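Here the structure is laid out as structure tokens; the discussion comes afterwards.
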2 protein chains.
Amino acid sequence: MNSEHRTARSADSTGPAVRGARERARSEITAAIKDEARRQLAAAGAAKLSLRAVARELGMVSSALYRYFPSRDELLTALIVDAYDSVGAAAETAARTGGDPLARWGAVCAAVRAWALEHPHEYALIYGSPVPGYAAPQVTVEPASRVGLALVGVARDALDGPGAAPPGLPDGLRPEAERMAADLAPGLPPELVASLVAAWSQLFGLISFEVFGQFHRVVEDRDAFFAHAADRLGREAGILPSAVGSGSVAGSGRPVTGSGRPVAGSG
Amino acid sequence: MNSEHRTARSADSTGPAVRGARERARSEITAAIKDEARRQLAAAGAAKLSLRAVARELGMVSSALYRYFPSRDELLTALIVDAYDSVGAAAETAARTGGDPLARWGAVCAAVRAWALEHPHEYALIYGSPVPGYAAPQVTVEPASRVGLALVGVARDALDGPGAAPPGLPDGLRPEAERMAADLAPGLPPELVASLVAAWSQLFGLISFEVFGQFHRVVEDRDAFFAHAADRLGREAGILPSAVGSGSVAGSGRPVTGSGRPVAGSG
DNA sequence: TCCGGTGCAAGAGCAGTGCTCTCGTTGTTG
DNA sequence: CAACAACGAGAGCACTGCTCTTGCACCGGA
């Protein structure tokens with residue numbers, strides 16, 4: 001560890017440290033702590049993340065670490081926010097790819113899946129069981145919504161093109177669907193929003209089962225299985241490929257998102 | 001792996017107990033340990049489950065507990081197996097209810113959801129992120145399959161009645177679907193099995209998001225939302241209500257599983 | 001230039017954890 | 001009855017999150 005980095009020897013002539021060397025060191029050390037914590041997270045999982053081990057690896061003493069994160073939970077919160085932002089950014093990037101709405105839908109799903117498979121422990125941190133006695137603080141709600149909003153964005157664009165009306169709502173669900181539409185995606189039809197929320201959670205069902213090992217000895221060709229399932233998820237939510245022909249819609253629809261390979265590679 | 005428990009035969013008249021007091025005490029204490037562990041699990045979650053606390057609560061010393069469970073992971077494994085069996089039994093009971101296949105499908109889904117909401121920490125134990133460095137041993141795979149098999153059972157019965165052909169498979173998925181059908185549900189058409197596996201994982205996506213708090217400020221009327229989503233899950237897998245009319249299938253289908261209330265109560 | 005406030009690292013310490021080992025005791029078996 | 005295996009108790013090790021105190025280094029104001 002670089003302890004005396006940038007000692008800021010009273011260099012008032014040019015003033016390289018506009019905010020003072022102290023703040024600079026602080027942000028650097030904070031980042032180093034998060035990096036090392038992320039490394040341990042990836043190596044052993046959230047439950048085995050140890051403040052003392054992080055400090056030890058960084059050459060500090062454990063108590064010094066409390067100057068930067070008041071508790072282990074606060075460190076975990078920081079990692080959670082970062083993870084949400086990371087997967088959210090991946091989803092948003094995939095949503096910006098070209099192609100018809102259904103292809104973009106598949107790209108977003110595949111990007112989230114690829115991120116989850118690359119960062120299983122971070123995925124478990126945010127989409128697995130909530131950590132020990134941990135209650136997600138308010139800071140996490142906005143980053144947590146980015147994937148969902150990316151899906152909503154694709155659906156919104158699909159609405160401009162030839163969209164298929166999503167299936168109708170039972171009477172009992174209509175008020176709730178209208179409330180969801182107003183809160184989450186103003187302007188979108190309630191049926192579509194209800195379908196989107198369901199598809200959103202079901203997408204993470206697919207991904208969680210794969211990441212958490214429930215598909216062990218059940219699904220082998222997981223790329224193909226996921227591509228097909230994600231494609232159907234989009235279709236059933238009312239997102240259609242722009243092939244306006246409207247001839248064979250659901251019959252033998254081949255996933256546009258590439259057959260058998262994760263689409264994330266293209267994003 | 002039982003020890004030689006069959007030996008206690010000489011006690012014809014003097015026997016303090018039929019099977020020997022020791023074995024009796026052993027099974028009783030084992031059960032007591034699991035009970036207390038389950039209580040702590042429900043109170044604070046898996047990560048906070050402490051062998052010492054369990055022993056303390058039972059009036060033993062922590063080292064004595066190792067006579068019954070060689071490690072904390074072994075205790076967790078026992079709890080995991082019990083949890084799988086518990087939710088599996090709930091699903092199987094729901095699958096045995098009367099009604100048309102789609103109603104039974106909805107009953108199974110609702111029963112699993114109800115179990116999850118009643119035992120959130122046990123649910124997290126089996127469907128959340130895998131615990132610390134824990135790798136599920138072989139003992140868990142059979143109990144873990146009971147919910148899936150209950151769904152398969154409903155689908156199999158639906159096949160006798162008027163079933164709707166599930167959507168076709170892309171060419172890339174056909175071999176995998178045939179393998180899954182052969183392994184998991186011999187005799188069922190591959191398209192149906194592939195749909196069932198997807199629906200199975202997506203069902204747990206719905207439940208996990210609700211249990212783990214992802215629906216916070218997103219879905220409010222969760223009973224209605226879940227009933228509708230589960231109903232659609234079944235329909236899209238090709239399970240139809242026995243109302244053979246085949247007139248309005250997906251249009252304004254009102255969930256048969258009761259609108260707005262968890263169906264588990266009827267099972 | 002000195003001086004006091006402040007951020008910071010280090011260390012000791014507390015209460016808790018999983019787990020191992022030893023040592024008597026006690027039920028079971030030959 | 002005697003040998004044996006299972007058992008409970010206790011001490012102990014290495015580890016954890018977290019707190020508190022102490023002393024050093026910086027940094028702005030006089």
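The values are calculated or read from the model by the stated rules, or taken from the named source; none is laboratory data. Quick caveat: nothing in here was measured; it's all calculated off a predicted structure. We place every Cβ from the backbone using ideal geometry, glycine too, and count neighbours over all the protein chains shown. Surface areas here come from the heavy atoms of the whole protein model, side chains and all, with no ligands, DNA or RNA. Shrake-Rupley method; radii C 1.70, N 1.55, O 1.52, S 1.80 Å.
At a glance:
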{"read-out": "Matching option when the condition is within 24 Å of B:Trp200 (Cβ to Cβ), within 13 Å of another protein chain (Cβ to nearest Cβ), of a type outside the set (S, T, N, Q) and not in a loop (DSSP other than H, G, I, E, B), among B:Ala83, B:Ala47", "value": "B:Ala83"}
{"read-out": "From the options B:Ala42, B:Ala94, B:Ala55, residue that is within 12 Å of DNA strand C (Cβ to nearest atom) and either free of Cβ contacts under 8 Å to residues at least 24 places away in the same chain or assigned to a helix (DSSP H, G or I) (or both)", "value": "B:Ala55"}
{"read-out": "Index of the failed condition, A:Ala91 passing every other in (1) open to solvent by 10 Å² or more (accessible area, probe 1.4 Å); (2) under 21 Å from B:Ser208 (Cα atoms)", "value": "(1)"}
{"read-out": "Qualifying positions in segment B:96-105 - open to solvent by less than 10 Å² (accessible area, probe 1.4 Å) and either of a type in the set (Ser, Thr, Tyr) or under 15 Å from the mean Cα position of the chain (by Cα) (or both)", "value": "B:Trp105"}
{"read-out": "Exclusive hit being within 12 Å of DNA strand C (Cβ to nearest atom) and among the hydroxyl-bearing types (Ser, Thr, Tyr), set B:Ser145, B:Ser86, B:Ser50, B:Ser129", "value": "B:Ser50"}
{"read-out": "Unmet criterion (only one of (1) part of a helix (DSSP H, G or I); (2) surrounded by 14 or more Cβ atoms within 10 Å (Cβ to Cβ); (3) more than 10 Å from DNA strand D (Cβ to nearest atom)) for A:Ala31", "value": "(2)"}
{"read-out": "Residues within segment B:161-182 that are more than 8 Å from every other protein chain (Cβ to nearest Cβ) and modelled with pLDDT of 90 or more, tallied", "value": "5"}
{"read-out": "Subset of segment B:106-124 [open to solvent by 30 Å² or more (accessible area, probe 1.4 Å) and farther than 19 Å from A:Phe209 by Cβ]", "value": "B:Leu117, B:Glu118, B:His119, B:His121"}
{"read-out": "Residue identified as at pLDDT 50 or above and either more than 17 Å from A:Leu125 (Cα to Cα) or of a type in the set (D, E, K, R) (or both) among A:Gly45, A:Gly20, A:Gly15", "value": "A:Gly20"}
{"read-out": "Within segment A:38-56, tally of residues that are over 15 Å from A:Phe69 (Cβ atoms) and of a type in the set (D, E, K, R)", "value": "3"}
{"read-out": "Subset of segment B:69-84 (residues that are in contact (Cβ under 8 Å) with a residue 24 or more places away in the chain and open to solvent by 50 Å² or more (accessible area, probe 1.4 Å))", "value": "B:Asp73"}
{"read-out": "Unmet requirement for B:Ser50, which otherwise passes all of (1) surrounded by fewer than 16 Cβ atoms within 10 Å (Cβ to Cβ); (2) at pLDDT 95 or above; (3) closer than 30 Å to B:Arg156 by Cβ", "value": "(3)"}
{"read-out": "Subset of segment B:53-67 that is charged (D, E, K, R) and over 14 Å from B:Asp35 (Cβ atoms) - its residue that is surrounded by the fewest Cβ atoms within 10 Å (Cβ to Cβ)", "value": "B:Arg67"}
{"read-out": "Filtered residue count, segment B:179-222, keeping only those that are open to solvent by 20 Å² or more (accessible area, probe 1.4 Å), outside any helix (DSSP H, G or I) and over 12 Å from A:Ser208 (Cβ atoms)", "value": "9"}
